[in-house]
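As structure tokens, the structure follows; a few thoughts come after it.
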Protein chains: 2
Amino acid sequence: MDTENNSSQQQNRGALYIVGIGPGALEHMTAKAIAAIVASPVIVGYSTYLDLIRELITKKTVIGTGMTQEVKRCTAAIDEAARGQKVCVVSSGDPGVYAMAGLVLELIKERQDAGVYPWSDPAARPIIEVVPGVPALCAAAAALGAPLMHDFAAISLSDRLTPWDLIERRLNAAASADFVIVIYNPKSKGRPSHINKARDILLKHKKGETPAGIVKGAARADETITITTVSEMLNHEIDMQTTIIIGNSQSYTHGGWIITPRGYKLDKPGKATGSGQN
Amino acid sequence: MDTENNSSQQQNRGALYIVGIGPGALEHMTAKAIAAIVASPVIVGYSTYLDLIRELITKKTVIGTGMTQEVKRCTAAIDEAARGQKVCVVSSGDPGVYAMAGLVLELIKERQDAGVYPWSDPAARPIIEVVPGVPALCAAAAALGAPLMHDFAAISLSDRLTPWDLIERRLNAAASADFVIVIYNPKSKGRPSHINKARDILLKHKKGETPAGIVKGAARADETITITTVSEMLNHEIDMQTTIIIGNSQSYTHGGWIITPRGYKLDKPGKATGSGQN
């Protein structure tokens, strides 16, 4: 059991939780993510995501900044935790999928290397924990039925942090090996034509009638779901809040769903099975 | 508002929830997944996964079968829902990632095509909803720090439902385009050497010192985390409950984490930043 002294040290120890709040609606958050936010007096995040959890953070110190201020925001969070504060950095979806987990850990390494925080005694370091969440790709897939189900690749079309030729190389590789493909960040004002180039690459390897699902604001109040094909996908509204899932060669549509078979041999349907446990 | 008659119809309408229970510990389940299970008198799933939610299902009809009886299990679930029952098919992780969402929807299509369930009136059809969960890949990534963070490919090494040459083609494609790679089902008694072949393919395209994270039982009581390299990965215990994450060319290790940089330009660390909102 902790001595009083140990308890007091524990209370002064900061904590930095890098939390995924899931795709949008609070019902898709995990209990652990909610507990981390409730336990933390300081909440840090991109303003648009903070709005999704507004009811959880009304009495907290909120450090919210705009889209391109990630480094500033995450540095402030680390410094607060180093002072002994409990802090959550929140990301929508999962913090490890195109979100803040990497940047926070990169910044911690930089500050350790530079001697700002030596933290040679592990007990003197804040608790640092990544709390996973439901990523946008799973929320979008659920809205579309079952389009993933087999090997898939996730590719972001944003070239803000990645050279465009590497993005093209990955699109070609994934499409040529018949992966299901999840496209993040398909379009923004600064790069409206990337999705057109991506579509052309897909068509080099996939049939035009391959199912394409377009989900805007997955699991949010304004969710819209479009099921179309690779040939037709550019005729639909696509923006930065959109996730696109492109099927593999086996994917098909049925009853408002995209289904990618896993490969199970299906029994010939006869009459309904009997009830009971087995 | 519903009339009494409508309410009565609603009560007789079956529901089939295809639910992701997350990686293991109940704290990683979403509120929506818990609500779906609580609302459903019939719970269907692979026995190992049902054990993870035992405390939620003590008073329910449980249809639990072994590993290779997926078709039997999902057919029984559909038939129960068609009779007006509320049913959950549970999968660990997310139901759309190598799990049951696809098979359930495939079986529904088969039974509709065969006329077992015509369901031409949408109101007469059971409610069918996929409830997303935290996939194993996100739980494993969180345990390892931030290894995903950039474009990634998920590949299963199980050739029970997929020809091995297609798996090899995808490993080659993903490794050659410098994707982070998540390996599901790396090893089982029936195919102990697949992971060796996969490692050899990875080494054709990736450096031997590329970080590799091995997570067994992510977010479960017996979770084990190993951080190693592609060269050394086969010296560690790997089994069917293991998820392996292989970095890209930029990934590195630091302080017990694998970090894949997203590409942000980091500020030179100076002194700690000031506190306050901005």
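Counting Lys and Arg as +1 and Asp and Glu as -1 over every other residue whose Cβ lies under 10 Å from the Cβ of A:P126, the net charge comes to +2. Where both bridge residues fall in the stretch B:142-278, DSSP classifies roughly 70% of the beta bridges as antiparallel. Here the Karplus relation 6.51 cos²θ - 1.76 cosθ + 1.60, evaluated at θ = phi - 60°, turns the backbone of the stretch A:104-115 into coupling constants of 4, 5, 4, 5, 4, 4, 4, 6, 6, 4, 7, x Hz, with x for every Gly and Pro. Distances between copies of B:G84, taken at a point 7 Å out from Cα along the Cα→Cβ vector and listed shortest first: 6.4 nm.
Work out the FRET efficiency for B:K72 and A:R160 from their Cβ-Cβ distance, taking R0 = 41 Å, and round it to the nearest 0.05. Computed FRET efficiency for B:K72 and A:R160 comes out at 0.25.
Please list log₁₀ I(q)/I(0) at q = 0.08, 0.10, 0.14 Å⁻¹ for chain B, using the Debye equation with identical point scatterers on the alpha-carbon positions. Here the Debye-derived log intensity ratios amount to -0.43, -0.63, -1.01. When DSSP beta bridges are restricted to pairs lying wholly in the protein assembly as shown, around 45% turn out antiparallel.
Stretching the chain fully between B:T48 and B:K189 yields a gain of 49.0 nm (0.36 nm per residue, less the alpha carbon separation).
For the stretch A:137-259, give the magnitude of the charge dipole about the Cα centre (Cβ charges: +1 Lys/Arg, -1 Asp/Glu; no others), in debye to the nearest 20.
The calculation lands at about 260 debye.
The magnitude of the dipole of the stretch A:31-147, with charges of +1 and -1 set on the Cβ of Lys/Arg and Asp/Glu and taken from the Cα centre, is near 300 debye.
Label-point spacing for B:K60 across the identical copies (point 7 Å from Cα in the Cβ direction), in nm and ascending order: 3.0.
Considering only beta bridges that DSSP places wholly inside the stretch A:13-134, some 5 percent are antiparallel.
Set the bar at 23 Å for Cα to Cα. Now go through B:K86/B:K216; A:K197/B:K109; B:K189/B:K216; A:K32/A:K86; A:K59/B:K32; A:K72/A:K109 and name every pair that lies beyond it.
In this structure, B:K86/B:K216; A:K197/B:K109; A:K59/B:K32 exceed 23 Å between Cα atoms.
Count Lys and Arg as plus one, Asp and Glu as minus one, and take only other residues whose Cβ is under 11 Å from that of B:V44; the net charge is then 0.
Dipole magnitude for chain A: computed about the Cα centre from +1 point charges on Lys and Arg Cβ and -1 point charges on Asp and Glu Cβ, it is near 380 debye. For A:K197 and A:T61, the difference between the fully extended length at 0.36 nm per residue and the C-alpha to C-alpha distance is 44.7 nm. Distance distribution P(r), the protein assembly as shown, all Cα-Cα pairs, bin width 20 angstrom from 0: 22, 56, 21, 1 percent.
Once backbone amide H atoms are built at 1.01 Å from N, A:I63 has A:I43, A:V44, A:G45 as its partners under 5 Å, excluding neighbours fewer than 5 places away on the same chain. Distant-in-sequence amide contacts of A:Y184, defined by a placed amide H-H separation under 5 Å and a gap of 5 or more residues or a different chain, comprise A:I155, A:S156, A:L157. Charge tally for B:S188 (other residues, Cβ to Cβ under 9 Å; Lys, Arg +1; Asp, Glu -1): +3. Ranked from shortest, the separations from the 7 Å Cα-to-Cβ label point of B:E237 to its equivalents in the other copies are 5.3 nm. Backbone phi angles across the stretch A:40-50, fed through the Karplus curve with coefficients 6.51, -1.76 and 1.60 (θ = phi - 60°), yield HN-Hα couplings of 10, x, 10, 10, 10, x, 5, 3, 4, 6, 4 Hz in residue order; Gly and Pro are listed as x. Working note: Karplus 6.51/-1.76/1.60 with θ = phi - 60° gives the stretch A:237-253 the couplings 6, 9, 9, 5, 8, 9, 10, 10, 10, 9, x, 9, 5, 9, 5, 8, 10 Hz, where Gly and Pro are set to x. Of the residues B:G93, B:I37, B:T75, the one whose Cα sits farthest towards the positive end of the charge dipole of chain B is B:G93 (charges of +1 on Lys and Arg Cβ, -1 on Asp and Glu Cβ, taken about the Cα centre). Note that the stretch B:53-198 carries a Kirkwood radius of 18.0 Å, evaluated over its alpha carbons pair by pair.
Every number here is computed from the coordinates shown, using simple stated rules; none is lab data. Keep in mind it's a predicted model, so treat the numbers as computed, not measured. With ideal geometry, Cβ positions are generated from the backbone for all residues, glycine too; neighbour counts draw on all protein chains shown.
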